[in-house]
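There's a structure below that I have some questions on.
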Amino acid sequence: MKDATRIHIPLRNAAVMIGRYVRSRLAEQARAVAFIILYLWGFQILVLGDTPTQALRLTAGLAMVVVGLALFLEGILLGLMPLGERVGVQLPRRRGLMVTMAFGLLLGFSSTLAEPAIAALRVIGDSVTAWDAPLLYMVLQRRPDLLVLAIGIGVALAVAVGMFRFSRGLSIKPFIYTAIPALLALSTYCAMDPRLEALLGLAWDAGAITTGAVTVPLVLALGIGVSRAAGRHHEAGSGFGVIMLASAYPVAGVLLLGMLLAPGVSKPVDEASFFSPGNRPAALALMGSEAALRQHAFRHAGAPSRRSCYPDEGAYLKAVTSLATSTNRRHLLASMPLPEWINQYASREERELLHSPLNNAPVALENDAGDPISTIFRSQCIGALRTIVPLTLLLLGVLVLLRDRPRHHDEVILGIGMSLIGMAVLTSGIQIGLVTLGNQVGRPLPRLFRSIDKVEGQILIEPFHPESVYTRHTAEGRCEQFFFLDTPRGGTEAVAFDPAQYDAVNHRYEHVVKRPPLFGPRLTLAGIGLVFLFAFGLGYGATLAEPALAALGRSVETISAGTIRSRGVIHAVAAGVGTGVVVGVIRILYDIPILWLLVPPYLLLLPLTWISEEDFAAIAWDSGGVTTGPVTVPLVLAMGFGIGSAVDVSDGFGLLAMASAYPVLSVLLYGMVIRSRQRRVFRAISQEAAGE
Amino acid sequence: MSDSPLPQARPATRITCCVHQRLASRAAEALEAFGIPDVLVQSARCVRQQAVPRPWPLPGMATSLNDSPTDIFRITCHRDVAITVMNGLIDAIELSASGRGSIYAQNIDDYGTSLTGLSSTALGSLGSKGKSGLLTDFALITAILSGAGNENAFVRETLELRAGAPIVSLGIGTGIRDRLGLLRITIPPEKEIVHLVVPAHDADGILRLLVETTHMDRPGGGFLYRTPVCFGRIDPMLRIGKPQHAASIEQIIAAVDDLKDGTAWRQRFRAADRQIARHEGMRLQHHYREITFICAEGGADLLVQRAMQAGAGAATVSTVRRLRADARTEIDGAREIGTLIVPTRNADDIASALLTTHVQKPEIDLRLQTLDTQAVFSHQR
């Protein structure tokens, strides 16, 4: 019946139409990521003075990011969002509120299971040691199933409560006024217990991370559908507010889980007492097995602790030498590459046991070529399938039960396919391109504020003649030894002679080429300022490219009939994330307890929410959860690692929590500016009318 | 399919009230107090010019566009109570003051659910004031623009022409796009629908000028039509900013409108009319009818499909909310409102095809309204 009216477009014209469409979508995404890419490159070249390496791989990755973003966003808009909205409208109408809430529970829970970013929590927690934060270690490494369960219950409750709120037409504000103070109180309580304190960062980050690129548009569309079906009078914020709940309830879930587990876990101790024979039963209880304890000792502890894991010296030495074979290495080091272990953890004796003189160890991590693109793509494809397929099946299943069909089923199928491919391409592009770039810039970042000489490489001079070493005097009368070395650029420079680097037996000298720190020998204000600038730009730029935020912006613009522009919302959120990342960096640099940085903004947010209008309150609180998506999380984490490793903090948690607290603030303020402008106009109009 | 005879239409009046969002709850309460059962609300924006200082250090003022959030209320009632309801609304939200909103009424043919009249108590409380304050001689220009950037030019032009403050709402275009198969995804379905109430005598002139200046005579430019308005009270405020005189020109015009009891004195487009008529392809089409359907969300697709089988070309569908004063607990407020412009000779066939669909699927909950257009413009190949 449909085919009779179908218009057939000649192939050439169709190609033109498709070409124009593809070009416009790609251009849009290229603009979205242009800022962050140019910013990172600019920073790397102009400030750090490095040159981008692996240019081909980077370019391929960045192109994949653009293509992936375009495909994914278009797929979400064509497939998942119409599907979600359809279910949102039909379900309450046909089956009533209880079934809708039950569906919300199911959707919330399964979206948590599907969320790939949860894995990022384990990555952040990888550096957590069992002695510093035993409870955190327990939750992250031993019982991640319980962690996912706690988060899932939180998200499920949030979606169900959100559906209830929409169909009853309730305001979001009472939910904020109850949830946030309760969370802050819970966090304060936890901060007083040394075991639970370590869990705070994880809990708040978990809240931020749960609402990813797929969950957000889906829940948003569902909410818009349900609240439209309810037909309550005027809430411009209709459909918004669930994401906020889905970020808040999991925090409570994780903290409560911690409280449940805390009695069975020992208090934090120092490394030596953790590995002492007296503590062995407690340590084994925490780690689960002897093998896990050994692996932990190899991956995180010093040589004496490793030694204490073995009954006698011989067994220990045998274990260390066995690192040379790959099966044993996987046992003891898991995924950590041997060179990294030798560089960061091995003692001099251990190094010698492995016959690894310094000159053979590749020092710089950034020279790591990484996995081949095809391997990354394959694993990301599986991730995309895991994320999108269950949720889509859930929605389609509901529609089948309701005997309903989406508006254009071919479009929805195409959309789902596009979002699947888009997500796989996007996440692999991020791994290959953006994260590599982020690492190249983020890891050397401490050079900005620390007097670290950058090791550029080693030159082995063989044979080396000691007679070529001269002595010079400084003005203070100190003697220094040096020799002349031809530089690769053609000149000759005087190089300080370090006797420790001279191997008299083999007649060779190992010269380590270093570059001096950027800003003098001490922690400098300019250096810190640059780090903050970098952090802000990174948060800002990464957020501009977030697909879930683009979906949120479009929804805001459509629902407000264009009175709130999506561009404005996106930039407000991006500025908020930038500020949040700066605050997170401050926390890492100065080791400020996370509670001190969480309580003030949230306490400020409560009165601001009180005076804000309903719709902006809902949009603002939602944008907090939206921001931490597939682009922001890896980039921000790369930077966090860079800075964190330089200042020796136990974990990088808290950055994401900050990055989701401040956008709420910025969007609330943006909303106030817009509303006050509208009010001023309305008042001006009314005054003119009164004077008529 | 469309051979079943068209049922007898009831004459009715559709009242459209566009108010600033800050007044929307007052309007909803007033309508609830009148006992009007079926109120449709749509979010929109009202665009006006605003004088803002140029960025420092440039001197002088620049004109920018200001969007005010606006709600469009649509109600349908018996013709004999329309003026009473309108006056009641004008009093309730003080529409007589400028800048607060517009209200206008169009006589339509209504099919579908029976019209519930106002209760006698509501009528008593409203009183009957005649059509004081309401003016005649208006026409509604509706433009359906594809969201490709030309809507801003259009809105700017209406304000430049001092034709009125345009109300812009969003919709989805279906029709030709749906007949392209999957290739349709390359054409954005989002449409901006601009509603503009202008003096009837000038309507054609303004329409032609708008077509000319916003290049709507090019492919993909959009679609314009004009329908009669029997009476209304139109917001005269087009520009926000410090008044430079004791009264703004809009206020003076409104005052003269009141004195002259109409807008006929404003006619200004004779010369322009003649000039533009010379252009080829600028012919306005007549003998078209506007068919508006209101249905439960999700029903619009089927209805548009049936209408197109019966000869309709394209439709624009928007989502609206239905306020129900009488049933607070029922979860069923999502509605779709669709507009079709069809040749008068096909109109009955299409209307009966739609009504047949409703008979086959009562859950669509269709309400159908038709209205003769006075002029239609679209790009002709």
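The values are calculated or read from the model by the stated rules, or taken from the named source; none is laboratory data. Predicted model only: the values in this text are computed from it and were never measured. Note that each Cβ is placed from the backbone with ideal geometry, even for glycine, and that neighbours are counted across all protein chains shown. Note: accessible area is taken over every heavy atom of the protein model, side chains too, but ligands, DNA and RNA are not part of it. Shrake-Rupley method; radii C 1.70, N 1.55, O 1.52, S 1.80 Å.
Put +1 on the Cβ of each Lys and Arg and -1 on the Cβ of each Asp and Glu in region A:542-658; which of A:Ile564, A:Leu606, A:Ala657 then has its Cα farthest toward the positive end of the dipole?
Positive-most Cα among the choices belongs to A:Ile564.
Going by average Cβ density within 10 Å per residue, which order do the peptides A:563-570, A:196-203 take, highest to lowest?
Numbers: A:563-570: 20.0, A:196-203: 26.2.
Descending mean neighbour count gives A:196-203, A:563-570.
Label-point separation (nm) for B:Thr213 and A:Ala182, each offset 7 Å from Cα along Cα-to-Cβ?
In this crude spin-label approximation the distance works out to 5.8 nm.
If you don't mind, there's one more thing I want to ask. So, taking all protein chains as they sit and a 1.4 Å probe, how much accessible area belongs to A:Met672, in Å² rounded to tens?
Around 50 Å² of this residue is reachable by solvent.
Kindly express, to the nearest 10 degrees and within the range 0 to 90, the angle between helix A:290-300's C-alpha long axis and the longest C-alpha principal axis of chain A.
The angle comes out near 80 degrees.
Ordering B:Arg45, A:Arg6 from largest to smallest accessible area (1.4 angstrom probe), what's the sequence?
Numbers: B:Arg45 5, A:Arg6 100 Å².
The residues order as A:Arg6, B:Arg45, largest area first.
Give me the distance in nm between label points sitting 7 Å out from Cα along the Cα-to-Cβ direction at A:Leu393 and A:Asn13, one decimal.
Here the modelled spin labels are 4.2 nm apart.
Also, quick follow-up: Would you work out the relative contact order for chain A, in percent, from Cα pairs under 8 angstrom that are 6 or more residues apart?
Working: 1099 pairs, mean separation 146.4, N = 692.
Relative contact order here is 21 percent.
Give, in nm to one decimal, the length gained when the segment between A:Leu338 and A:Ala282 is fully stretched (0.36 nm per residue of separation minus the Cα-Cα distance).
Working: separation 56, 0.36 × 56 = 20.16 nm, distance 2.93 nm.
Result: 17.2 nm gained on full extension.
When the helix-only estimate is applied to chain A (DSSP H runs of n ≥ 4, each -39,500 (n - 2.57), divided by the residue count), what is the mean residue ellipticity at 222 nm, nearest 500 deg cm²/dmol? Write down the numbers at each step before the final one.
Values: 29 runs with 453 residues, N = 692.
It lands at -21500 deg cm²/dmol.
Rounded to the nearest 0.05, what FRET efficiency is calculated for A:Arg472 and A:Tyr189 with R0 set to 51 Å and r the Cβ-Cβ distance? Intermediate results must be reported in sequence, preceding the final value.
Working: r = 63 Å, r/R0 = 1.24.
Plugging the Cβ-Cβ distance into 1/(1 + (r/R0)^6) gives 0.20.
Between A:Thr487 and A:Arg407, what is the label-point separation in nm under the 7 Å Cα-to-beta-carbon projection?
Distance between label points: 6.4 nm.
Okay, moving on. Which residues of region B:175-195 show a drop of at least 40 Å² in accessible area when all protein chains are present, compared with their chain alone (probe radius 1.4 Å, heavy atoms only, ligands and nucleic acids excluded)?
Listed in order, they are B:Arg179, B:Leu180, B:Leu182, B:Leu183, B:Arg184, B:Ile185, B:Thr186.
I need the shape label for region B:288-378. Rule: rounded when a/c is under 1.5, else prolate if a/b > b/c, else oblate, with a, b, c from the alpha carbon gyration tensor.
Values: a/c = 2.35, a/b = 1.72, b/c = 1.36.
Here region B:288-378 falls in the prolate category.
For A:Lys173, give me every one of the aspartates and glutamates with a C-alpha distance below 18 angstrom, ignoring sequence neighbours fewer than eight places off in its own chain.
Here the aspartates and glutamates satisfying the reach criterion relative to A:Lys173 are A:Glu235, A:Glu613, A:Glu614, A:Asp615, A:Asp622.
Just want the answer: with Cβ charges of +1 for Lys and Arg and -1 for Asp and Glu, which residue in A:Ala384, A:Ala229, A:Ile37 is farthest toward the dipole's positive end in chain A?
The Cα lying farthest towards the positive end belongs to A:Ala229.
Straight distance only, please: which aspartates and glutamates reach the Cα of A:Lys318 with their own Cα at less than 16 Å, same-chain residues fewer than 8 apart left out?
Correct list for A:Lys318: A:Glu349, A:Glu350, A:Glu352.
Now for a separate question. Which part of region B:284-314 falls in the paramagnetic zone of B:Lys361, meaning amide N under 14 Å from the point 7 Å along Cα-to-beta-carbon?
In region B:284-314, the label zone of B:Lys361 (backbone N under 14 Å from the point 7 Å along Cα→Cβ) covers B:294-309.
What FRET efficiency comes out for the pair A:Arg508/A:Ser347, r = Cβ-Cβ distance, R0 = 22 Å, nearest 0.05? Show your work: numbers first, answer last.
Numbers: r = 23 Å, r/R0 = 1.06.
Computed FRET efficiency for A:Arg508 and A:Ser347: 0.40.
Computed on protein heavy atoms with a 1.4 Å probe, what is the summed buried accessible area for the chain pair B and A, in Å² to the nearest 100? If you can, show how the numbers build up before the last one.
Values: alone 18180 and 31440 Å², together 44710 Å².
Counting protein atoms only, the buried area is about 4900 Å².
What does the average come to when, for each residue of peptide A:400-413, you count the partner chain Cβ atoms lying within 10 Å of its Cβ?
That works out to 2 on average.
Additional query: So how do A:Asp270, B:Asp80 rank on accessible area, 1.4 Å probe, biggest first, that is with the largest at the start?
Details: A:Asp270 90, B:Asp80 125 Å².
The most accessible residue leads, giving B:Asp80, A:Asp270.
To make sure I understand the rule: partners must be aspartates and glutamates, Cα under 17 Å from the Cα of A:Lys267, and not fewer than 8 residues away in the same chain. Which ones qualify?
Leaving aside aspartates and glutamates fewer than 8 places away in the same chain, those within reach of A:Lys267 are A:Asp132, A:Asp193, A:Glu197.
A follow-up question, please. For chain A, what is the charge dipole size about the Cα centre, in debye to the nearest 20, if Lys and Arg each add +1 at the Cβ and Asp and Glu each add -1 at the Cβ? Intermediate values should be presented prior to the final figure.
Values: 57 positive and 50 negative charges, 515 e Å.
That gives chain A a dipole magnitude of about 2480 debye.
Using the alpha-carbon atoms, what tilt in degrees (0 to 90, nearest 10) does helix A:11-42 show relative to the longest principal axis of chain A?
Tilt of helix A:11-42: around 50 degrees.
For chain A, give the percent of accessible area contributed by carbon and sulfur heavy atoms, probe 1.4 Å, rounded to a whole number. Numbers along the way, then the final one.
On the way: 18100 of 28950 Å².
Reported share for carbon and sulfur atoms: 63 percent.
Can you work out the Karplus-derived ³J(HN,Hα) for every residue in region B:367-376? Use 6.51 cos²θ - 1.76 cosθ + 1.60 with θ = phi - 60°, whole Hz, and x for glycine or proline.
Result, ordered by residue: 10, 10, 9, 10, 7, 6, 8, 9, 7, 9 Hz.
With the cut-off at 1.5 for a/c, could you classify region A:241-339 from its C-alpha gyration tensor as rounded, prolate or oblate? Walk me through the numbers on the way to the answer.
Details: a/c = 3.53, a/b = 1.79, b/c = 1.97.
Verdict is oblate for region A:241-339.
What do you get for the angle between helix A:655-690 and the principal long axis of chain A? Use alpha-carbon atoms, 0 to 90 degrees, nearest ten.
Orientation of helix A:655-690: about 40 degrees from the principal axis.
For region A:453-515, rounded, prolate or oblate, judged on the Cα gyration tensor with a ≥ b ≥ c (square roots of eigenvalues), a/c < 1.5 rounded, else prolate if a/b > b/c?
Details: a/c = 1.57, a/b = 1.17, b/c = 1.34.
Cα axes put region A:453-515 in the oblate bin.
Something else now. Residue by residue through A:45-57, how many Cβ atoms from other chains fall within 10 Å of the Cβ on average?
Numbers: counts 0, 0, 0, 0, 0, 0, 0, 0, 0, 0, 0, 0, 0.
For this peptide, the per-residue mean of nearby foreign Cβ atoms is 0.
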